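Notes for the one structure printed next.
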Amino acid sequence: MHEPQSHAAISQSAIWRQLQEQAGEIKKRHLSELFAENAGRAQRFSLELPEFLLDYSKNHLDEAALVNLLRLAKEADLEQWRADFFAGKPINATEGRPVLHPALRGGLAQDLVVGGESVTELAEAELERLKKFVVLLHNGDLTSYTGKRITDVVNLGVGGSHLGPQTAIEALRAHRKGDVAVHFVSNVDGAQLTDVLAGLDAESTLFIVSSKTFTTSETMTNARSALKWLQRVAPEASFESLRQAHFVAVTSSPDKALQFGVLPERTFRFWDWVGGRFSLWSAIGLPIAIACGFETFRALLDGAASMDRHFREAPLEENAPVIMALLSVWYCTFMGYPAHAVLPYEQALHMLPAYLQQADMESNGKSTTRAGDEVDYATGPLIWGQTGINGQHAFYQYLHQSPEVVPADFIGSVAPGHDLEGHHEILLANMFAQSQALMNGVDAESVERELAAKGLSADEIKRLAPFKVHRGGKPSNTILLKELSPHSLGALIALYEHKIFAQGVILQIYSFDQWGVELGKGLANKLEPKLASGDLAGEDGSTVQLIEYYRRVKTGAVTPAEPSAVEMAESAGEQA
């Protein structure tokens, strides 16, 4: 694996100190000033790619700051890390693995051999198996244990095993194909599985168990419950026949899928060089191919591959993922803005904020450098958001008038995904207006003129004006797609994937492990039997109290905080 040119903390470099000074200065300047100084600012701070326009002109950024941010990327050796990434070097060093999700979509410059096997050949062979399976399903040739046609598919998976596929299916709603309905169950809360199964016919339902290790507690619990559901409605069938006819596995551990009872020909594989949150391009994307057709899934992969080429080949100053990564570092690390909003003005992208929460925060929510030292700076931001119009009527008040600054990504498309007249123009006008309002705000003088024009008295104007002032100066990017298609969706998701990687390199952290997730999983496995046993020795006081309360309520025992039925009756009598 490539070693950085120096093990010195990047936060101790001269360029880091220069950027700290620049950040402090440019924060004092209003965005409207920057536009007033440069009539060509919008064109200068924009990138046009085949799929979209990235306008990053509404940011606290000038030429000097951009030059130094690009120098920071050079100081962090980003170009070499990028080369190592595409060369299959084990850049996921804490787990000793390469990171090769671009190989799943044809995004490598050349084929690589990992573990003695061509990754391109592995990926293409598995895609061909997926294609054949989807054709069988759509043609009605895939049947249940009774010979009935499969009409519903339930994907059982959590995290990357559901967020990616479900986000893509929702985004590609206009590209649905066939009459097989796809459902998702991710939560171990049995209410979700119960709700999904309530409307399904067991004889025509297929389950996809998506788990990289095939040991994920939540997913395997749901899989076992799904099997029991089948058994209840088909008591004459054996567990073996139900597993073989009604279950498909997607995993990097095919031996465990076989132990569960899934047939080898219905077990689809991906590999340990594919991280879960970057796995929708693999067989994990089977639900996408089922819902939208294999050709649509292929177009999604092709779009991501086009972004791979852009990220791999474009110089840093013209590289969309790099620019977005530098802006995120600029705001979160240097300016102290800890959150970032994702605001799609496209109903089909309503799940994108949730998807990016996992992709970004699980990757860069780290506090240890690659050298094993604790960071002395902020790393990845908190990612949040929802569709723009709904957000305008929920939290945009906070964005506009709170003293906090939340940089944002506005995402929309030129072409609507429907044929309703007038709707899309209103939608886009709102998106453009909101980014403009966040940038410019409204000063006191303008507010006073507006109120005077409405005939308010001087006293009324003086009283109301402070409440209507918007400071503005709130930064944002706008990503304007030509259309939301399978190809452009692939490019958009890959844009954020590479942005996340580039940001991690600059911050000197490892973006492809997730030890914080593993800690919680391990503790949950240890506590689960204690809910039944009550053996709480060695646990902290709060955990003891919570589990004891759970056990008392579950067994029907009256807790000290709750009046008994007798006490309630006596109290009612006294009040009477």
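Odds and ends about this structure:
- Criterion violated by residue 229 - all others in (1) in a loop (DSSP other than H, G, I, E, B); (2) at pLDDT 95 or above; (3) open to solvent by 20 Å² or more (accessible area, probe 1.4 Å) satisfied: (1)
- Residue check for residue 530: in contact with a Leu (Cβ under 9 Å, 6 or more places away or on another chain), under 16 Å from residue 54 (Cβ atoms) and among the charged types (D, E, K, R): no
- You will find that of 65, 42, the residue that is open to solvent by less than 10 Å² (accessible area, probe 1.4 Å), outside any loop (DSSP other than H, G, I, E, B) and farther than 20 Å from residue 504 by Cβ is 65 and no other.
Residue by residue, here is whether (1) over 30 Å from residue 418 (Cα atoms); (2) part of a loop (DSSP other than H, G, I, E, B) holds:
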position	(1), (2)
84	yes, no
99	yes, yes
107	yes, yes
126	yes, no
153	no, no
164	no, no
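- In the set 111, 141, only one residue is outside any helix (DSSP H, G or I), free of Cβ contacts under 8 Å to residues at least 60 places away in the same chain and either crowded, with 22+ Cβ neighbours inside 10 Å or out of contact with any helix residue (DSSP H, G or I) (no Cβ under 7 Å at 6 or more places or on another chain) (or both); that residue is 141.
- Taking the numbered list (1) open to solvent by 60 Å² or more (accessible area, probe 1.4 Å); (2) not in a loop (DSSP other than H, G, I, E, B) in turn, residue 222 passes all entries but (1).
- Hits in the range 315-330 (condition: buried (at least 23 other Cβ atoms within 10 Å of the Cβ) and out of contact with any helix residue (DSSP H, G or I) (no Cβ under 7 Å at 6 or more places or on another chain)): 323, 327
- Failed condition for residue 398, given (1) closer than 30 Å to residue 507 by Cβ; (2) without any contact (Cβ under 8 Å) to a residue 24 or more places away in the chain; (3) in contact with a His (Cβ under 6 Å, 6 or more places away or on another chain): (3)
- Out of 497, 460, 518, 483, sole residue that is part of a helix (DSSP H, G or I), modelled with pLDDT of 95 or more, of a type outside the set (A, V, I, L, M, F, W, C) and surrounded by fewer than 21 Cβ atoms within 10 Å (Cβ to Cβ): 460
- Number of residues in the range 181-201 that are in contact (Cβ under 8 Å) with a residue 24 or more places away in the chain and either over 19 Å from residue 291 (Cβ atoms) or open to solvent by 10 Å² or more (accessible area, probe 1.4 Å) (or both) equals 13.
- Highlighted here are the helices (runs of 4 or more DSSP H) found entirely within the range 342-444 that include at least 2 residues which are over 19 Å from residue 492 (Cα atoms): 388-392, 396-401, 423-440.
The values are calculated or read from the model by the stated rules, or taken from the named source; none is laboratory data. Owing to the predicted nature of the structure, the values given are computational and were not obtained by experimental measurement. Methodologically, a virtual Cβ is constructed for each residue, glycine included, from the backbone with ideal geometry; neighbour enumeration extends over all protein chains shown. All accessible areas refer to the heavy atoms of the entire protein, side chains included, with ligands and DNA or RNA removed. Shrake-Rupley method; radii C 1.70, N 1.55, O 1.52, S 1.80 Å.
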